[in-house]
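Notes follow once the structure below has been shown.
Read-outs: derived from the displayed coordinates by stated rules, not from any lab. What you see is a predicted model; the values in this text were computed from it and never measured.
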Amino acid sequence: PPAPDSPLRTLANVILTPHIAGAIGAGEIREFGELMLAELDRYLAGAPLQHRITEAQFQHMA
């Protein structure tokens, strides 16, 4: 990890995560797909979303 005094820790456009944060396998891909389809069903039915993403969150997504 970056040193405690690393400038990366204070940059507004940097979010530090463990390396494992981006690791996914076939099981996770299937789960994400099922979650997305369930969320789409809720959206199309006019129901509240369970996993709503705000504009601010979206701006930080990779």
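Numbers at a glance
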item	result
With Cα atoms, 0 to 90° folded angle of helix 26-44 axis to the chain main axis	60 degrees
Structure-derived Cα extents along the principal axes in Å: which label, when the choices are (i) 50, 24, 17; (ii) 49, 28, 13; (iii) 44, 17, 14	(ii)
